[in-house]
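Every number here is computed from the coordinates shown, using simple stated rules; none is lab data. Computed from a prediction, not measured in an experiment: that's the story for all the values here. For neighbour counting, all protein chains shown are included, and Cβ atoms are generated from backbone atoms with ideal geometry for every residue, glycine included.
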Amino acid sequence: DSVFASIVQAPEDPILGVTVAYNKDQSPLKVNLGVGAYRTEEGKPLVLNVVRRAEQSLVNDRSRVKEYLPITGLADFNRSSAKLIFGANSPAIQEKRVATVQCLSGTGSLRVGSEFLAKHYHQRTIYIPLPTWGNHPKVFGMAGLSVSTYRYYDPATRGLDFQGLLEDLGAAPSGAIVLLHACAHNPTGVDPTLDQWEKIRQLMRSKGLLPFFDSAYQGFASGSLDADAESVRMFVADGGECLAAQSYAKNMGLYGERVGALSIVCKTADVASRVESQLKLVIRPMYSNPPIHGASIVATILNDRELYNEWTIELKAMADRIITMRYQLFDALTARGTPGDWSHIIKQIGMFTFTGLNKEQVAFMIREYHIYMTSDGRISMAGLSSRTVPHLADAIHAAVT
Ligand code: PMP
């Protein structure tokens, strides 16, 4: 008998499992709106032209070797990643108060950051929004933090529960860690206004709560890299400390390259240097050092003015296509006279629409229309096209009537 005979079958991941089910479906009508990956109007994955150009120049450069990177990753990549999120003229960077390490995309950055906090920070509780990306509680729990939630989304208004948020953060123990989505909150698509961010900042600083930003969609939400980093920059501008996890999965389309960065903004350069030394001790036994290829692509693009400009144009085109899909879906439901208020489809921000459809309605749409999405009613607008919008509108109409 197998020594593993008593092992029970684990459930599929709630998000990636949607794709598993989609792949098994034989219907030509099937649409996958589950996973958050960009698709072209033709429904194809997209490799940015600027990424192809950067890769070409890497291949042509015969001086490039495949040696190990340092534990902290590619130095050029780390420098430019910090500049991208905190701003090119950020005083925190100039004062060398930021420790940045290359990690395995957004998830790896969150994990390294939370392992570091669990080991070295005096408060082991992290507050995450309700709801949030399904992997957050698992990442933080595995790192040894204890996970609490703060109110975020109000189903009644399909908007921000700002009062609830302030109450819950106001009641959090002093020093607690707070996970904030820098922009394009996943799964709700609901972000605080700049005014609300300012109030959140004041409350958090007055209580000594530690901000941990998850920035998985910079540039992807509004089409502007600067606008989408505004929340983070407000917190850095006050001179206080914070963490930021960056992902290049969506905004450079580098999903499978697993390239991201963790930055810890500290009060002084001296603290930042000690923090970096401890981050190395977290990383070394976990995966030793990060992969070279994706980080080289990113560094090549961020350090070349022409490639950088081309990137911002391609990025804006992706963001704009998603926004266009929002309007097309909204118009299609309006044209069908679908009961209910669907204006949240055009108000929400980023890759996802939190439709408000319930579990049963989602199951109905999968069964009858072969449209796949997570059971919370979240749909990826990036997976839609002008061709599939009418089919989705028919399905939503049938599900709610
Ligand atoms: N945070 C949020 C909010 C996300 O939506 C995602 C991607 N789905 C991630 C982090 C991490 O993604 P990755 O590890 O692929 O960068």
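General remarks:
- Each part reduced to its alpha carbon centroid, segment 250-296 and segment 52-116 end up 7 Å apart.
- Bridge type composition, segment 138-297 - antiparallel percent by DSSP, nearest 5: 45 percent
- Between amide H atoms placed 1.01 Å from N, distances below 5 Å from Phe352 occur with Met381, all of them 5 or more places distant or on a separate chain.
- Applying 0.36 nm per residue to the separation of Ala237 and Gln278 and subtracting their alpha-carbon distance, the gain on full extension is 12.3 nm.
- Antiparallel DSSP beta bridges within segment 90-168, as percent of all bridges there, nearest 5: 25 percent
- Among Ala335, Ala182, Ala37, the residue with the largest mean-square fluctuation in a Gaussian network model of the chain, with springs joining Cα atoms closer than 10 Å, is Ala335.
- Remark on Cys242: its backbone amide H falls under 5 Å from those of Val265, a criterion applied only to residues 5 or more positions apart or on other chains, H modelled at 1.01 Å from N.
- Applying both filters, DSSP loop and at most 16 other Cβ atoms within 10 Å, to the trypsin sites (Lys or Arg not before Pro) of segment 1-108 gives Arg62, Arg64, Lys66, Lys96.
- Alpha-carbon centroid distance for the pair segment 189-242 / segment 336-351, whole angstrom: 26 Å
- In terms of distances greater than 28 angstrom between alpha carbons, the cross-link table entries Lys96/Lys316; Lys83/Lys250; Lys96/Lys207; Lys66/Lys250; Lys44/Lys83; Lys250/Lys280 yield Lys96/Lys316; Lys44/Lys83.
- Annotation: the antiparallel percentage among DSSP beta bridges lying fully within the chain is about 50.
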